[in-house]
1. Find the relative contact order for segment 46-128 and round it to a whole percent, using C-alpha pairs within less than 8 Å whose residues are 6+ positions apart.
2. How would you rank 115, 20, going from fewest to most other Cβ atoms within 10 Å of each one's own Cβ?
3. Just the Kirkwood number for the chain, please: inverse of mean 1/r across all distinct Cα pairs, in Å, one decimal.
4. I'd like the distance between the alpha-carbon centres of segment 149-170 and segment 56-93, rounded to an integer number of Å.
5. Could you tell me which of rounded, prolate or oblate describes segment 78-129, using a ≥ b ≥ c as the square roots of the eigenvalues of the alpha-carbon gyration tensor, with rounded for a/c under 1.5 and, failing that, prolate when a/b is larger than b/c and oblate otherwise?
6. With a 10 Å cut-off between alpha carbons and a GNM built on the chain, which of 88, 12, 131 moves the most?
7. To the nearest 10 degrees, how steeply does helix 12-22 sit against the main Cα axis of the chain, on a 0 to 90 scale?
8. Quick one: helix 161-185 against the long Cα principal axis of the chain, what's the angle to the nearest 10°, folded into 0 to 90?
Ligand code: GRF
C-alpha cells in the first residue's frame, strides 16, 4: 500500500506516519510533497529515505504535481499540515482517497484561516471544555469533507493556546497513523 504525504510545516505528523510505517511490510510512504522549501518535513523525509517533491502554486494547480503523484501510484494521499486548499484536479483523480487532519472537533473551529494556534486560541476564548482532532476526507472546501474519525480531550485546565496545542498534537500523533492503516486495510 502506497502512502503519499503533503506537508507545509514542521512535519511532526509526517514524521510519526513515516516512523509508524517504516517497519510495516505492506505499507510504504512513497513520497512527501511540500509547497515550502523550508519545511521541517523535508529533513524528516530524508531521514526515512522518502523522496521529496517541492512545488509552487502554479505547479500544484497545473497537472505537474498530479502527474508526479500518479507516478507513485498512491493508495491514499494524506495531508499532514498542508496549508493550501487542495486542488480539485487531484481530488477528482482520487475520490475518497485524500484525507486531512484538523486540530479541532469539526464542524466547529474549521474553515479557511482556522489553522495552527488560531484554532486553539478560539477554543480557549470560547471557554470550551474540550477540543480534539478530526480526520476527514478532503473535498473542494476547507475542512468540509466527510468525517472519518474524531477524538476529544479535556482542555478546561489549559491556560494558554499553546497548552491546548500540545494536548491536541499528542492526539494527532497517537491516532493519525492508526487511522491511515485502518483505511488502507479496508
Ligand atoms: C497540526 O496541528 C495539524 O492538525 C494541522 O497542521 C499541523 C501540522 O503540524 N493540520 P506538523 O507540521 O505535523 O507538526
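1. 21
2. Taking fewest neighbouring Cβ atoms as first place, the list is 20, 115.
3. 16.6
4. 30
5. Prolate, since a/c reaches 1.5 and a/b exceeds b/c.
6. Fluctuation is largest for 88.
7. 50
8. Helix 161-185 sits roughly 40 degrees off the main axis of the chain.
A short reminder: the numbers here are calculations on the coordinates, not readings from a lab. Note that the coordinates shown come from a computational prediction; the quantities given were computed from them, not determined experimentally. Methodologically, a virtual Cβ is constructed for each residue, glycine included, from the backbone with ideal geometry; neighbour enumeration extends over all protein chains shown.
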